[in-house]
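Here's the structure we're looking at; comments come further down.
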Amino acid sequence: MDDFDQDSVAAAWSGAVADPAVVIDEPTDFDPIPAGLDLPPEIDTATTPPYTEAPAPVEDTPELTDPTPQQVPEQVDEIDEIDLTVPDDGVYGNPAAWTLGWFFQQFDGYCGPSAVAQVVSQYTGAEITDPQQLVDRAIDLGLMDDPSLGMTLADIETLLEDQGVPATITTSSLDDLRDRLDAGYGVIAMVDSGEIWQTDPDSEDDLPDHVLVVAGIDDNRGVVILSDPGIPTGNQLEVPIAQFEDAWADGDHLMLITDAPDDGLITGPALSSVAPSDRSAIIRL
């Protein structure tokens, strides 16, 4: 703030008071008090005690007490003691997510395009209820000649990636499959259809001839939940774990797994993508 001259300020104030233009020469006239007005008697100031202010009322002041301490959670000494694992409820994957994308393939050899259609629908939201459009696309890409002869797993991988869902062929195990399902990956497994459907045990050939989507595993009930396009009752088809294991073993535990999880499938911690493999097999259904 700038310094100011106290003398100048004093002069300004004194000059204002000395200005005759602002001096009131005569008192202001007031209206006279009407006659007969009952006025209170005049107070004799000589005998009236001097005015003193009444003491302020004393309020009851509550006793001060210490505030109630907040409940502070017990401090964890070391971060390593915190359990970040997802509780194991015995169910792996999100089987219900595959319900809307399932359909019956109708024709032999269409299991590959039908399984691809389910995964593409889940990952992209596209509504594919007829495998023919993907069969036609596979033919255009040179992945199929006679559709009734099916596709190799490598060609199914190519068709899936053509539809915008990168995937990798790998050999796996039931424990790894559980982890993949919980982490939200899409899984197409190669199996022996005879082991799954058990249509004619006497004619069982122990050959992999079918692919299907693995929707989940329920250890509590001891079943694998499949989204199988190969039979009319394949939506949420449940087979005993041992039965699925036998069917999958005939396919050398091969599976086609998406390279990234899908948000709608995640039920546990995400995993990194798997290493590629050049193994393939002929799918005949």
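The values are calculated or read from the model by the stated rules, or taken from the named source; none is laboratory data. Note that the coordinates shown come from a computational prediction; the quantities given were computed from them, not determined experimentally. Cβ sites come from the backbone with ideal geometry, for glycine too, and all protein chains shown count toward neighbours.
I need the full set of residues from the stretch 164-194 which are hydrophobic (A, V, I, L, M, F, W, C), out of contact with any Lys or Arg (no Cβ under 9 Å at 6 or more places or on another chain), within 23 Å of Ala126 (Cβ to Cβ) and in a strand (DSSP E or B), in order please.
Passing the criteria: Ala167, Ile188, Ala189.
Looking only at the stretch 125-145, count how many residues are buried (at least 16 other Cβ atoms within 10 Å of the Cβ), of a type outside the set (A, V, I, L, M, F, W, C) and not in a helix (DSSP H, G or I).
The qualifying residues number 1.
Give the stretch 182-215 a look and list any residue that's under 12 Å from Val239 (Cβ atoms), small (Gly, Ala, Ser) and under 24 Å from the mean Cα position of the chain (by Cα), or say none.
Within the stretch 182-215, Ala215 is the sole residue that qualifies.
For the stretch 180-189, indicate whether the set of residues that are among the basic types (Lys, Arg), within 15 Å of Ala242 (Cα to Cα) and out of contact with any Ser or Thr (no Cβ under 7 Å at 6 or more places or on another chain) is non-empty.
no
With the structure loaded, tell me whether Ser148 is part of a helix (DSSP H, G or I), surrounded by fewer than 22 Cβ atoms within 10 Å (Cβ to Cβ), of a type outside the set (Asp, Glu) and under 27 Å from the mean Cα position of the chain (by Cα) or whether it fails that test.
Details: part of a helix (DSSP H, G or I): yes; surrounded by fewer than 22 Cβ atoms within 10 Å (Cβ to Cβ): yes; of a type outside the set (Asp, Glu): yes; under 27 Å from the mean Cα position of the chain (by Cα): no.
So Ser148 fails the test.
Could you tell me which residue of the stretch 76-119 is modelled with the highest pLDDT, considering only residues that are surrounded by fewer than 19 Cβ atoms within 10 Å (Cβ to Cβ) and of a type in the set (Ser, Thr, Tyr)?
Thr99
Within the stretch 104-123, can you find the residues that are touching a Gly at 6+ places or on another chain (Cβ under 9 Å) and in a loop (DSSP other than H, G, I, E, B)?
Here is the first cut: in the stretch 104-123, the ones touching a Gly at 6+ places or on another chain (Cβ under 9 Å) are 104-105, 108-112, 114, 117-123.
Those that are touching a Gly at 6+ places or on another chain (Cβ under 9 Å) and in a loop (DSSP other than H, G, I, E, B): Phe104, Gln105, Asp108, Gly109, Tyr110.
Filter the stretch 151-163 down to the residues that are outside any helix (DSSP H, G or I) and touching a helix residue (DSSP H, G or I) at 6+ places or on another chain (Cβ under 6 Å), then identify the one that is surrounded by the fewest Cβ atoms within 10 Å (Cβ to Cβ). If you could, list the steps in order and put the result at the bottom.
Going residue by residue through the stretch 151-163, those that are outside any helix (DSSP H, G or I) are 151-152, 163.
Now narrow it down to the ones that are touching a helix residue (DSSP H, G or I) at 6+ places or on another chain (Cβ under 6 Å): 151, 163.
Numbers: Met151: 29, Gln163: 18.
Selected residue: Gln163.
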